[in-house]
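S.K.: Sharing a structure below in structure tokens format, with a few things to ask.
Readers should treat all values here as calculations from the given coordinates under stated rules, not as data from a laboratory. In this text, all values refer to a predicted model and were calculated from it rather than measured experimentally. Using ideal geometry, Cβ is built from the backbone for each residue, glycine included, and neighbour counts are taken over all protein chains shown.
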Amino acid sequence: PSTPPLDRRKLGSRITSIPLLQELGALHTVRDEYGEAQTSYSQALALGQSRGDENAEAIALDGLGNVYRLQGKSAEAEKSYKLAQEIYLRVGNEIGRANALQGLGDLYRVQGNYTQAEESYKLVQEINTRIGNEHGRANAWTGLGSVYGFQGNYAQAEESYKLAQEVYVRIGHELGRAFTLKELGDLYKLQGKYAEAVESYKLAQEVETRMGNERGRANALKGLGDAYRFQDNYTQAEGSYKLAQEVYTRIGAESGRANVSKGLGDLYQLQGKYAQAEESYKFAQEVYMRIGTELGQANAVKGLGDVCRSQGRYTEAETSYKLAQEIFMRIGNELNRANASRGLGDVYRFQGKYAQAKESYKLAEEVYMRIGDELGQANVSKGLGDLYRLQDKYAQAEESYKLAQEVYTRIGHERGRASALDGLGNAYRLRGNYAQAEGSYKLAQEVYTRIGAESGRANVSKGLGDLYQLQGKYAQAEESYKFAQEVYTRIGTELGRANALKGLGDVYRFQGKYTQAKESYKLAEEVYMRIGDELGRANVSKGLGDLYRLQDKYAQAEESYKLAQEVYTRLGNERGRANALKGLADLYMSQGNYAPAEEPYRLCQEVYTRIGNDLDLASTLRDLGHITRLQNRNTEAAEFYRHAMEIFAWKGISEDADDCAQWLDTVSKALQTQSETHFHSPVVSGIAN
């Protein structure tokens, strides 16, 4: 008869060898079998306590600390490491104490507690230097490099990694050298130095392959996938991720599989392949939950929030970000809590909930400042710039973009610097400072070209298209949109391609090329519908409404505006809803239907006032002035024109302010004439009495 398989839980309960239990704990940890690892270390701890073997207790506690840390159970991990360190200190085991401190440093680093992490690593370095443990010293340098990198101190980070690498080379520790090369790749990736990142990852992969370290090879492949993704080399990125996934699957490394699936989700999201992105994030989340890694689970949930936000599914995005934030807070991960808060700020910004957006950004900024994360602070400044720009607060937007640019430049983050310049270009464009806008866009384009960020180049080209369109330079606008479309198509970014097509539709509409405009809008609409981008679809419907109105196709225009309004309302996009309502009101106005036009104009006034959109409010007030004037309600018209004039003057838009002043003068004269007629007419006086 065949022998039945052994039950590992029963086998573990019969093991009385502490070293064997410790080895089993380490083996389970490497395999991401955290429940079994915890059981083995707990049994070793109990045996050590019963036998009075303090050193064995400390080793088991150190192992438990690692297990808890990898699961994201920060409080339990910290407690285990500190207990282990106390015992090691008491029994005089300096190497053990340094190992426990290294684990503490790793824990604090993952939490974003960089000051405590740095203190722990420096103490590790001090102990290992004193006892002459070169390997331990190199490990501490590696940890310090990671801390400095996350803080944006890139020069110090690189120096630390290179010092670690020197030691590993000197003592002949190839795996340590490979790990440092991989960490250098991560550092270069953070800085936007993607060519250097690719080179480091490839060297790391080469060493790991030669040493037969499959997990290390897969980690380097995962890093390569990230670098290619940031370079917009999406095909190579997907290839690297899938190779890494194959290796992780073969060796049974569940956390590695989940990490790659998360990376694939990020990749598909960038390409606008939202269904695949969502599937990847959900798979990652499922694996993280199964192996008990709360940090990974929260990151996957945040990824789902990013997908929903990109599609305009703002309610679902908000739910995901809040759930992620809740998990990050529970496990004490400050850095990622701030990232989730920034994501919430983006959602509220897209919805037109500007006060809530600012609150979320400021909360994230506060955390980044407390933990010393300069990159995070710069990202928040960029987000605030986008927020102020949407509110027409261009001076504050410029200030925020310039602050972000300054920080990105100081820490050597090239991609971030280019994105801030792009934002500045947008602010200058909307403010009417066209020369400065073009200068900022072109500087951003130079940086993106230098670092090989194709999507960035396409984004800037789209911005230039918007600029040239405003200036009436339609040939240049068309050229810019077509270049953007070409790049987006080449790198496989569906959302970007649709946005460029929408821009082309606008240009053709302004030129009176209605057939081409409709064709571009319809192509864009097709892409938005395919990728599930509701916001994009609403924007196209609004554009089609404008097109049909110009063609006097009033029924189709009304249908398009109403569809856009319906989608914007469902998404909670207040600005979009108001813009669609304004289109509808303009349509009724052009038909001479003044009463039906007034209601949507007043709704627009209400929304623009609520969300703080001053320029659109002023424009709507002027329209209300026109509609009341045409109905001989000149007292109301005068008030609307006066209010609009004050806003335009305050915003420094003299041409529109002068226009409102002229209309105010016209209705004021009409009111004076009415008053005089009223005074000289006894019949009217009699009626009035």
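S.K.: When only C-alpha pairs under 8 Å and at least 6 residues apart count, what is the relative contact order of the stretch 38-192, in percent?
M.R.: Computed over the stretch 38-192, the figure is 14 percent.
S.K.: Now for a different question. Just subtract the alpha-carbon distance of V91 and E559 from 0.36 nm times their residue separation and send over the number in nm, one decimal.
M.R.: That works out to 160.5 nm of additional length.
S.K.: Compute the Rg/Rh shape ratio of the stretch 590-660: radius of gyration over Kirkwood radius, all on alpha-carbon atoms.
M.R.: Radius of gyration over Kirkwood radius for the stretch 590-660 works out to 0.97.
S.K.: Under the √(5λ) rule applied to the eigenvalues of the Cα gyration tensor, what semi-axes describe the equivalent ellipsoid of the stretch 315-387? Give them in Å, descending.
M.R.: Over the Cα atoms of the stretch 315-387, the ellipsoid semi-axes are 18, 16, 7 Å.
S.K.: With labels modelled as points extended 7 Å from the Cα through the Cβ direction, what inter-label distance (nm, one decimal) is found for R633 paired with K362?
M.R.: Here the answer is 3.8 nm between the modelled labels.
S.K.: Can you tell me the Rg and Dmax of the stretch 415-531, counting just the alpha carbons, in angstroms?
M.R.: Both quantities, over Cα of the stretch 415-531: 13.8, 40 Å.
S.K.: Once the Cα gyration tensor of the stretch 362-436 is found, what semi-axes does its equivalent ellipsoid get, as square roots of 5 times the eigenvalues, in whole Å, sorted largest first?
M.R.: Working through the eigenvalues yields semi-axes of 22, 14, 7 Å.
S.K.: Here is a follow-up. Principal axis extents for the stretch 527-639, Cα atoms only, whole Å, descending order, please.
M.R.: Extents along the principal axes, in whole Å: 50, 32, 18.
S.K.: Hey, if you put +1 on the Cβ of every Lys and Arg and -1 on every Asp and Glu Cβ in the chain, which of T569, L64, L547 ends up farthest toward the positive end of that dipole?
M.R.: Towards the positive end, the residue furthest out is L64.
S.K.: Here is a further query. If you keep only loop residues by DSSP, which GluC sites (Glu not before Pro) in the stretch 102-154 have at most 16 other Cβ atoms within 10 Å of their Cβ?
M.R.: none
S.K.: Please give the net charge around G65, taking every other residue with its beta carbon less than 12 angstrom from that of G65, where Lys and Arg add +1 and Asp and Glu add -1.
M.R.: Here the charged neighbours net out to 0.
S.K.: How are the Cα pair distances of the stretch 248-361 distributed, in percent, across 10 Å bins from 0?
M.R.: Taking every Cα pair in the stretch 248-361, the percentages come to 17, 44, 31, 7, 1.
S.K.: Modelling each spin label as a point 7 Å along the Cα-to-Cβ direction, I'd like the A155/E286 distance in nm, to one decimal.
M.R.: Taking the simple label geometry, A155 and E286 are separated by 4.9 nm.
S.K.: Sticking with this structure for a sec: Please tell me which of these pairs span more than 30 angstrom C-alpha to C-alpha: K358/K518; K189/K362; K189/K302; K442/K553?
M.R.: K358/K518; K442/K553
S.K.: May I pose another question? Kindly express, to the nearest 10 degrees and within the range 0 to 90, the angle between helix 194-211's C-alpha long axis and the longest C-alpha principal axis of the chain.
M.R.: 20 degrees
S.K.: Given a cut-off of under 8 Å on Cα pairs at least six residues apart, what relative contact order in percent is computed for the chain?
M.R.: Relative contact order of the chain: 7 percent.
S.K.: Follow-up. What is the Rg over Rh value, at two decimals, for the stretch 281-337, using alpha-carbon atoms and the Kirkwood definition of Rh?
M.R.: That ratio equals 0.98.
S.K.: How about K282: which aspartates and glutamates have a C-alpha closer than 15 Å to its C-alpha, ignoring those fewer than 8 places off in the same chain?
M.R.: E254, D266, E294, D306, E316
S.K.: Let me ask something else. To the nearest 0.05, how large is the calculated FRET efficiency for A395 and T673 if R₀ is 45 Å and r is the Cβ-Cβ distance?
M.R.: After rounding, the FRET efficiency stands at 0.60.
S.K.: Taking the chain as the reference, fit the longest principal axis to its C-alpha atoms, fit the long axis of helix 54-71 to the helix C-alpha atoms, and give the angle between the two in degrees, 0 to 90, nearest 10.
M.R.: 20 degrees
S.K.: Same structure, new question: Across every pair of different alpha-carbon atoms, what Kirkwood hydrodynamic radius in Å does the stretch 199-293 reach?
M.R.: Its Kirkwood hydrodynamic radius stands at 13.2 Å.
S.K.: Roughly speaking, what % of Cα-Cα pairs in the chain are separated by over 47 Å, rounded to a whole number?
M.R.: Roughly 30 percent, once rounded to a whole number.
S.K.: In addition: Counting other Cβ atoms within 10 Å, which GluC sites (Glu not before Pro) in the stretch 65-95 have at most 10 and lie in a DSSP loop?
M.R.: Answer by residue number: there is no such site.
S.K.: Rounded to two decimals, what is Rg over Rh for the stretch 394-469 when you use alpha-carbon atoms and the Kirkwood radius?
M.R.: With Rh from the inverse mean 1/r over Cα pairs, Rg/Rh is 0.96.
S.K.: Roughly how big is the stretch 242-395's charge dipole about its Cα centre, with Cβ charges of +1 (Lys, Arg) and -1 (Asp, Glu), in debye to the nearest 20?
M.R.: Dipole about the Cα centre, nearest 20: 160 debye.
S.K.: Another question, if that's okay. Quick check for me: using +1 on Lys/Arg Cβ and -1 on Asp/Glu Cβ, what's the dipole size of the chain about its Cα centre, in debye to the nearest 20?
M.R.: 860 debye
S.K.: Projecting each Cα onto the charge dipole of the chain (Lys/Arg +1, Asp/Glu -1 at the beta carbon, about the Cα centre), which of F328, M645, Q38 comes out farthest on the positive side?
M.R.: Result: Q38, furthest along the dipole toward the positive end.
S.K.: A further question follows. Could you tell me the center-to-center distance, by alpha carbons, between the stretch 187-243 and the stretch 108-143 in angstrom?
M.R.: For the stretch 187-243 versus the stretch 108-143, the Cα centre distance is 26 Å.
S.K.: If you average the alpha carbon positions of the stretch 441-513 and of the stretch 364-433, how far apart do those two centres end up, in angstrom?
M.R.: 21 Å
S.K.: Follow-up question, since we're still on this one. With viscosity set to 1.002 mPa s and temperature to 20 °C, compute the Stokes-Einstein D of the stretch 111-245, Rh being the Kirkwood radius across alpha carbon pairs; µm²/s, no decimals.
M.R.: Reported coefficient: 142 µm²/s.
S.K.: Can you find, among V507, S310, A26, the residue farthest towards the positive end of the dipole of the chain? Put +1 on the C-beta of Lys and Arg, -1 on that of Asp and Glu.
M.R.: After comparing all options, I get A26.
S.K.: Another one. Let me know the charge dipole size of the stretch 500-655 about its Cα centre in debye, to the nearest 20, where only the beta-carbon of Lys, Arg (+1) and Asp, Glu (-1) is charged.
M.R.: Dipole about the Cα centre, nearest 20: 200 debye.
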